[in-house]
Structure formats: C-alpha cells, structure tokens
Amino acid sequence: MSEKKIPYKIYLSEDEMPRAWYNLRADMKVKPAPLINPGTGAPMTAQELENVFCTELVAQELDDDTAFFPIPQEIRDFYKMYRPSPLVRAYCLEEQLQTPAKIYYKFEGNNTSGSHKLNSAIAQAYYAKKQGLKGVTTETGAGQWGTALAMACGYLGLDCQVYMVKCSYDQKPFRREVMKVYGASVTPSPSDTTNVGRKILAEFPGTTGSLGCAISEAVEVAGSNPGYRYVLGSVLNQVLLHQSIIGLESKIALDKYGVKPDIVIGCAGGGSNLGGLIAPFMGEKLRGEADYRIIAVEPASCPSFTRGKFAYDFCDTGKVCPLSKMYTLGSSFIPSADHAGGLRFHGMSSILSQLYHDGYMEAVSVNQTDIFRAAEQFARVEGILPAPESSHAILAAINEANKCKETGEEKTILFGLTGTGYFDMVAYERFHKGELSSAVPTDEDIAKSLARLPRVD
Ligand SMILES: *Cc1c(COP(=O)(O)O)cnc(C)c1O
C-alpha cells in the first residue's frame with residue numbers, strides 16, 4: 001500500500017477551515033426551476049419572499065450564479081465551537097466487513113443539538129439578527145431543527161418561537177425541554193395562538209397535528225408580527241448553501257492525504273445534508289474535472305426520488321408555501337404510521353431534483369428494519385449511536401463495501417453520518433420489541449396523492 005497511513009480522525013486546524021460556502025447552482029448548466037407563487041403562477045419575486053424570509057437569505061435563495069459566499073466572521077466563530085466535525089476513517093467497520101473498500105464518514109452529531117441542522121440554523125439566525133429582527137418562527141416535527149434553531153437563537157439573543165407537531169410535543173419531551181433550555185418558546189401545534197390553528201382545532205378537535213399545519217402556524221405568526229420572519233431547516237437552496245460546509249471540510253481533509261472518494265453517499269429527507277456533503281465533489285463533476293458516484297438514500301416508506309414525480313408541488317401539506325419543482329410524492333402523501341426512521345418529507349430539494357433528473361446522481365431506497373440493523377452493527381464497531389436518518393447512509397455504505405468484497409475492488413467510500421440517536425430511543429425500543437415493520441406505499445397510494453398535484457403551465 002503506497003498511501004500514507006491515514007489517522008482514524010482527520011482534523012483541520014482553524015486556518016484550514018473553509019472561509020466561504022459553495023453554491024452548487026453556479027456550476028449547474030441546467031439551473032433548478034424557480035419557486036412559483038401559487039396565486040399568480042409567476043416566479044416568486046424577492047419582494048414576495050422578503051415578506052416571509054430574511055432579506056439576505058432571500059438573496060442567497062435566488063442567486064444561481066455566485067459560486068462562493070464568504071462566511072461571516074461571527075458564523076465562523078460559532079462554527080469553531082463544534083467544527084470541524086470529525087472525518088473518521090472507519091477502520092473498525094472495514095475490518096468487521098472484511099472489505100477491501102476504504103470507508104470514511106463525516107460525523108455531524110457532535111454538537112448538543114445532535115445533527116447537521118445547526119450549520120444552517122446559526123446562519124439563518126445570524127442574518128435575522130443582522131437585519132435587526134426581534135425573532136424568528138419555525139415548525140419542528142421530531143425536533144432536530146427546532147433544537148438547532150433554539151441553540152443558534154439563544155447564542156445570538158434572538159427570540160425563537162417553535163411550533164412543534166403536537167404528538168411529538170407530547171411524545172418527545174426531551175427535545176422540547178432542550179429547546180426551552182436555550183430560551184425558545186415551544187407551542188404544540190395546532191394551537192389556539194393562530195387563526196389557522198384555531199380553525200383546525202375547531203374542525204378536528206383532538207387532532208395530534210402535522211408538519212403542514214405547524215408550518216402554516218409558524219408562517220402566520222411571522223407574517224403578522226412586525227420584526228419576525230419564518231425560517232426553514234431543509235429543502236431550500238439557502239440551506240444547501242450553508243450545509244456545503246460539510247462537504248468543503250471533508251474535501252479539504254481528504255485532499256491533505258491525497259484521498260479521492262469513488263462513491264459519496266448521504267441520506268435524503270429534504271436533501272440538505274446530502275446537498276451539502278456532495279457540493280464540492282458534484283462541483284468538480286459538473287465542471288468535468290473529476291467523476292464521482294453520488295448516491296442518495298431514502299426510506300422505502302417515503303421514496304420521493306425513486307418513486308416520485310418531477311413536478312411542481314407545494315412544500316407543505318397546508319399549501320401556504322410557494323410551489324417548488326422537485327421529485328415529489330404529492331403534498332398530501334403521508335408515510336405509514338409505522339415509519340420511525342425520519343426522512344418523511346414528501347418532496348426533495350429542487351437542486352438535487354434537477355441533478356438527479358439530469359443523471360448526475362443515483363438514488364436507492366432502503367427499508368426500515370434493515371436500517372436499524374445497520375445502525376446497531378455500526379454502533380457496535382464504531383462506537384457512535386447513529387440517528388435512524390443517518391443509518392440510511394450507513395446501510396448503503398455497507399452494501400457498497402460488501403460489493404467491493406465480492407469484486408475485490410478497493411473503492412473509497414465517503415458517507416455522511418448526520419446525527420446521533422440519543423433522542424430516538426423510542427424508535428430503537430420499537431425495533432427491539434419487533435414492532436417495526438417495513439411498510440411501503442403501494443403504487444395506488446402514490447398515484448392517489450400525485451393525482452392532486454397543482455397544475456402549473
Ligand atoms: C433532519 C435530518 C436529516 C434529513 O434532513 P436533510 O435535509 O435531508 O439533510 C437527516 N439526518 C438527521 C440527523 C436529521 O436531523
């Protein structure tokens with residue numbers, strides 16, 4: 001072996017840390033389709049978006065051409081508290097698999113919020129503060145995004161109002177209380193604090209809520225309170241931009257040792273961690289400088305890439321948000337109640353959707369019991385207790401490494417390990433009790449929700 005002995009963890013010094021986010025859209029020949037105003041059918045203007053989102057974030061959202069956005073010093077200082085995130089050579093997993101493949105993973109779970117979402121939360125909170133706003137509103141389902149945003153707002157002294165899907169609010173008390181530690185106010189949704197919440201409560205008393213409803217409440221509160229804007233933790237172009245820090249750090253670290261991955265793998269919910277991890281690699285691919293196999297991994301119970309349609313759709317079930325052109329299962333699609341592994345968004349980032357559509361990346365779907373098995377296999381050799389979402393990428397990486405074992409190829413695999421599973425022990429418990437199945441939607445289920453796509457000419 002001629003390669004330098006590579007350490008278990010490759011760190012970067014503060015000087016080596018990225019100073020700018022990379023905007024993948026700058027290198028895309030076919031740009032992602034614009035957001036559309038469902039009322040007018042025309043592309044959303046900056047002005048329309050600025051009623052809901054922070055001004056500077058709108059500029060980032062709409063900019064398809066600027067390749068690099070300098071990371072403000074204040075954000076870089078915050079990043080230094082928990083970044084660089086570890087890039088680990090999975091020697092123990094390789095040994096256990098007896099594979100000639102070389103496996104690396106980028107672990108985003110070693111901050112208190114427990115996932116990569118903090119990378120964008122701090123950026124979004126920073127621009128809100130810089131604009132002189134009093135606070136931001138958002139929704140959270142399982143709570144990772146709400147927790148990350150609460151931390152970022154707590155740090156900057158910004159008010160943070162989180163609408164948390166009621167069943168999660170009741171069933172996930174720990175995440176709820178972590179948000180409160182960081183000073184956020186957490187309201188179970190639907191609530192009687194908004195018009196839309198009161199309407200839903202009157203219509204469906206006793207409902208346990210949904211993400212779509214929580215989004216509608218958070219957007220209403222931001223729109224009706226001066227000094228407030230709404231923020232979102234995935235899907236949007238700006239979020240992928242901020243998450244490029246994951247891929248940029250990975251690439252700098254691997255370059256130090258002359259390592260070039262053959263395969264880059266990430267789990268895909270709304271696409272933010274995957275879009276961030278692959279950014280600099282996909283950039284090289286788009287510019288024709290290098291080639292990589294890039295694989296998105298999604299749950300078989302919510303298969304937007306592998307079984308969805310590339311079309312304009314609403315981002316939320318409440319249909320208050322702009323239309324986005326993306327791979328979608330339809331905004332009325334709801335994954336099986338049995339589904340515990342996260343990644344339950346019906347659509348996908350429009351950037352990744354366009355890249356997938358144009359053949360720059362692959363997608364696979366995996367089933368839930370297999371991902372929990374892979375999670376435990378990984379935990380026992382590498383030590384880290386992974387989030388179920390992250391375990392989709394683990395499983396795909398193991399599958400690729402096993403293929404190398406059959407063919408004898410020494411491929412280098414990089415995957416994103418997006419978070420820790422400490423707050424997912426109820427899901428692990430259900431797995432241990434054998435209560436999880438791998439319910440997959442039928443073609444009819446998907447056709448039914450796709451039949452309700454909005455018409456866009
Ligand atoms: C939110 C989340 C995801 C999925 O979101 P993306 O926007 O697709 O990255 C994956 N893993 C963890 C741990 C998360 O919290």
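Since every read-out is calculated from the coordinates, none of them should be taken as a lab result. Nothing here was measured: the structure is a model prediction, and the numbers come from that model. Cβ: placed from backbone, ideal geometry, glycine included. Neighbour counts: every protein chain shown.
Of the three principal axes defined by the Cα atoms of the range 60-150, the extents in descending order read 55, 33, 24 Å.
Globularity index of the range 118-230 is 1.00 (Cα radius of gyration / 2.2 N^0.38 Å, N = number of residues).
Restricting the GluC sites (Glu not before Pro) of the range 224-329 to loop positions (DSSP other than H, G, I, E, B) with no more than 16 neighbouring Cβ atoms within 10 Å leaves GLU289. Modelled spin labels at MET81 and ASP64, positioned 7 Å past Cα toward Cβ, are 3.7 nm from each other. Taking the Cα centre of the range 305-408 as reference, the dipole from Cβ charges on Lys and Arg (+1) and Asp and Glu (-1) amounts to some 180 debye.
Cysteine residues of the chain whose Cβ has no partner cysteine Cβ closer than 4.7 Å: CYS54, CYS92, CYS167, CYS213, CYS267, CYS302, CYS404. Evaluated with a Cβ-only charge set (Lys, Arg +1; Asp, Glu -1), the chain carries a dipole of roughly 380 debye about its Cα centre, given to the nearest 20. Relative contact order of the range 85-228: 21 percent, from C-alpha pairs under 8 Å at least 6 residues apart in sequence. If the cut-off is 28 Å between C-alpha atoms, which lysines fall inside it for LYS199, apart from same-chain ones fewer than 8 positions away? Correct list for LYS199: LYS134, LYS166, LYS172, LYS180, LYS319, LYS448. A protection proxy built from the mean count of other Cβ atoms within 10 Å ranks the segments 33-44, 268-279, 330-341, 190-201, most packed first, as 268-279, 330-341, 190-201, 33-44. Near MET326, the amide H atoms lying under 5 Å from its own belong to ALA311, TYR312, ASP313; only residues 5 or more places off or on other chains count, and H is placed 1.01 Å from N.
Across the range 53-69, rounded Karplus estimates of 3J(HN,Hα) from the backbone phi angles (6.51 cos²θ - 1.76 cosθ + 1.60, θ = phi - 60°) give 10, 5, 4, 5, 6, 5, 4, 5, 4, 8, 8, 8, 10, 6, 6, 10, 10 Hz, Gly and Pro being marked x. Per the Debye calculation on the range 242-329 with a single equal scatterer at every Cα and no solvent contribution, log₁₀ I(q)/I(0) for q = 0.13, 0.20 Å⁻¹ amounts to -0.53, -1.00. Placing a label point 7 Å from the Cα of VAL381 along the Cα-to-Cβ line, the residues of the range 60-94 whose backbone N sits under 19 Å from it are 87-94. With all pairs of different C-alpha atoms in the average, the Kirkwood value for the hydrodynamic radius of the chain is 22.0 Å.
Find the percent of Cα-Cα distances in the range 350-457 that exceed 21 Å, and round it to a whole number. Taking all Cα-Cα pairs of the range 350-457, the fraction more than 21 Å apart is 53 percent.
Rounded to two decimals, the Cα-based Rg/Rh of the range 166-288, with Kirkwood Rh, is 1.13. Pull up the DSSP beta bridges for the range 293-405 and report the antiparallel fraction as a percent, rounded to 5. Restricted to the range 293-405, the bridges split so that about 55 percent are antiparallel. Apply 1/(1 + (r/R0)^6) to the Cβ-Cβ distance of LYS5 and ARG287, taking R0 = 41 Å, and write down the FRET efficiency to the nearest 0.05. It comes to 0.85. In order along the range 335-347, the Karplus-derived 3J(HN,Hα) couplings, from 6.51 cos²θ - 1.76 cosθ + 1.60 at θ = phi - 60°, round to x, 3, 4, 6, 6, 10, x, x, 6, 9, 6, 6, x Hz, and Gly and Pro are given as x. Dipole size of the range 312-372 about its Cα centre, with +1 on Lys/Arg Cβ and -1 on Asp/Glu Cβ: approximately 200 debye, rounded to the nearest 20. Give the cross-link partners of LYS130 among the lysines, using a straight C-alpha distance below 23 Å as the criterion and excluding same-chain residues fewer than 8 apart. Candidates past the 8-residue exclusion: LYS80, LYS117. In a DSSP loop and with at most 16 other Cβ atoms within 10 Å, the GluC sites (Glu not before Pro) in the range 1-76 are GLU3. Summarised in one figure, the compactness ratio Rg/Rh of the range 97-166, Cα atoms and Kirkwood Rh, is 1.18. For the range 254-271, putting each phi into the Karplus relation 6.51 cos²θ - 1.76 cosθ + 1.60 with θ = phi - 60° gives couplings of 5, 4, 4, 10, x, 8, 10, x, 8, 10, 10, 10, x, 6, 10, x, x, x Hz, in residue order, rounded to whole numbers and with x for Gly and Pro.
Based on alpha-carbon atoms, the Kirkwood radius and the radius of gyration of the range 314-400 give Rg/Rh equal to 1.04.
In summary, the aspartates and glutamates within cross-link reach of LYS405, defined as a Cα separation below 16 angstrom excluding same-chain residues under 8 places away, comprise GLU94, GLU95, ASP262.
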